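K.L.:
The structure under discussion is supplied below as structure tokens; questions concerning it will follow.
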Amino acid sequence: MTRQTRADGSLRHLLTLEGLSRRELEALLDRAQAFVRPLGARPPSTGLLAGLTVANLFTEPSTRTRVSFELAAKRLGADVVNLEMQLSSRIKGESMLDTVFTLESLHVDVFVIRDAEAGVPALVAASVAPHVSVLSAGEGSVSHPTQGLLDALTIRQRKGRIKGLAVAIVGDIRHSRVARSAYHALATLGVAELRVVAPPALLPGDDEFRGCARYTDLEAGLRDADVVMMLRIQRERMLDEAQLDPDAYFRAFGLTSERLRLAKPDAIVMHPQPMNRGVEIASEVADGPQSAIRDQVRNGVAVRMAVLATVARAGNGATA
Ligand code: ASP
């Protein structure tokens, strides 16, 4: 039993992708794939989570993650409550745990938590009743597990595989929970080469991203890549944001069509959004034929359905 599994080894919480086996990751991706529908088709709708209640507790801004968790839960038949944490009692000093215990008394079965502070999802997971599950929707710069899964799913769909690919993660890696979760997923799923590409100040610490090649030159880092994963500049996590000049950053690290030509001709471009167009990525690339950015958003709902269906499988009355 780990901090996110039950005694029988099944997944109870999703706090991180670190430590999940290849088999577990592939099972989640396969399950998510079964929930993907083309745009224009009706999204899947099941009663798998009927009678269960999912609460979204977000203390950091979110568009895609919050909406897609809500849609995922509703499409599985759950009741959903969205707590606007800015308006809730937390600003009156009520701790996150008191809020969670209040909602637990109101029959919430699954908590989806985003917080700027490292450790909050794990603290909640360690404190809730045994039938309750906790899903991280982004923990500081530590991890964003459902984003890592949707990124892996997008690559698998567009390239037909993950094994053997060269993936370049480019930008503000130091502050990025997206990069950390992508690293955990892709390394376990057998990517051939994972590169982290950033100016020296935005590279991760030496004890992280083991086995990844490090580049401080964008053009060298892009060469012959199959996947280019761009990251947002996270000014809110920078202590000295005055140092970052957006125009200078774009000149050195912005992904333009010309630079993209250094990657493989069929390379795909990803970005978790929100995008700073003209800072880390040019619009011609974000909206161009190699962009998989909208697929990432679509896959977000499918992945979150798969995760909800998986954690809710045992212990709280739902059957899958
Ligand atoms: N939306 C992603 C996150 O919450 C990426 C970003 O904000 O840059 O981490």
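K.L.:
What number of residues in region 62-78 are among the charged types (D, E, K, R), closer than 18 Å to residue 136 by Cβ, surrounded by fewer than 19 Cβ atoms within 10 Å (Cβ to Cβ) and without any contact (Cβ under 8 Å) to a residue 60 or more places away in the chain?
P.N.:
0
K.L.:
Considering region 238-288 alone, what residues qualify as being under 16 Å from residue 221 (Cα atoms) and polar (S, T, N, Q)?
P.N.:
Matches in region 238-288: 256, 257.
K.L.:
Now a separate question. Out of 169, 155, which single residue is buried (at least 24 other Cβ atoms within 10 Å of the Cβ), within 21 Å of residue 29 (Cα to Cα) and away from the ligand (no atom under 16 Å from the Cβ)?
P.N.:
155
K.L.:
For region 48-71, how many residues meet the condition of being within 16 Å of the ligand (Cβ to nearest atom) and either within 15 Å of residue 310 (Cβ to Cβ) or not hydroxyl-bearing (Ser, Thr, Tyr) (or both)? Spell out how you get there, then give the answer.
P.N.:
So in region 48-71, the residues within 16 Å of the ligand (Cβ to nearest atom) come out as 56-70.
From what's left, either within 15 Å of residue 310 (Cβ to Cβ) or not hydroxyl-bearing (Ser, Thr, Tyr) (or both): 56-58, 60-61, 64, 66-67, 69-70.
Looking only at that region, the number is 10.
K.L.:
Which residue, of 160, 140, 211, 164, is within 16 Å of the ligand (Cβ to nearest atom), on the phi > 0 side of the Ramachandran plot and surrounded by fewer than 24 Cβ atoms within 10 Å (Cβ to Cβ)?
P.N.:
Numbers: 160 fails: within 16 Å of the ligand (Cβ to nearest atom); 211 fails: within 16 Å of the ligand (Cβ to nearest atom); 164 fails: within 16 Å of the ligand (Cβ to nearest atom).
Result: 140 is the single residue among 160, 140, 211, 164 that is within 16 Å of the ligand (Cβ to nearest atom), on the phi > 0 side of the Ramachandran plot and surrounded by fewer than 24 Cβ atoms within 10 Å (Cβ to Cβ).
K.L.:
Under 6 Å between Cβ atoms, which residue pairs at least 6 apart in sequence (or on different chains) link something in region 30-48 that is farther than 11 Å from residue 299 by Cα with a partner that is of a type in the set (A, V, I, L, M, F, W, C) and not in a loop (DSSP other than H, G, I, E, B)?
P.N.:
Listed by first residue and then by second, the contacts come to 31/306; 48/309.
K.L.:
Are any residues in region 262-283 among the aliphatic types (A, V, I, L, M) and either within 15 Å of the ligand (Cβ to nearest atom) or outside any loop (DSSP other than H, G, I, E, B) (or both), and if so, which ones?
P.N.:
Passing the criteria: 268, 269, 270, 275, 279, 281.
K.L.:
Just to be sure I understand, how many residues within region 47-61 are at pLDDT 95 or above, of a type outside the set (A, V, I, L, M) and surrounded by fewer than 16 Cβ atoms within 10 Å (Cβ to Cβ)?
P.N.:
2
K.L.:
A further question follows. From the residues in region 174-190 that are surrounded by fewer than 24 Cβ atoms within 10 Å (Cβ to Cβ) and either among the β-branched types (Val, Ile, Thr) or part of a loop (DSSP other than H, G, I, E, B) (or both), which one is farthest from the ligand (Cβ to nearest atom)?
P.N.:
Going through the qualifying residues, I end up with 190.
K.L.:
Here's a follow-up. Quick one: residue 81 ticks every box in (1) surrounded by fewer than 17 Cβ atoms within 10 Å (Cβ to Cβ); (2) free of Cβ contacts under 8 Å to residues at least 24 places away in the same chain; (3) closer than 27 Å to residue 272 by Cα bar one, so which box is it?
P.N.:
(2)
K.L.:
Give region 225-246 a look and list any residue that's modelled with pLDDT under 95, acidic (Asp, Glu) and away from the ligand (no atom under 15 Å from the Cβ), or say none.
P.N.:
240, 245
K.L.:
Modelled with pLDDT of 95 or more, within 16 Å of the ligand (Cβ to nearest atom) and out of contact with any Ser or Thr (no Cβ under 7 Å at 6 or more places or on another chain): is that true of residue 253 in this structure?
P.N.:
yes
K.L.:
Sticking with this one: Out of 304, 259, 298, which single residue is in a helix (DSSP H, G or I), in contact (Cβ under 8 Å) with a residue 24 or more places away in the chain and more than 16 Å from the ligand (Cβ to nearest atom)?
P.N.:
Just a single option satisfies the conditions, and that option is 259.
The values are calculated or read from the model by the stated rules, or taken from the named source; none is laboratory data. Note that this is a predicted model, so its numbers are computed, not measured. All Cβ positions, glycine included, derive from the backbone under ideal geometry; neighbour counts span all protein chains shown.
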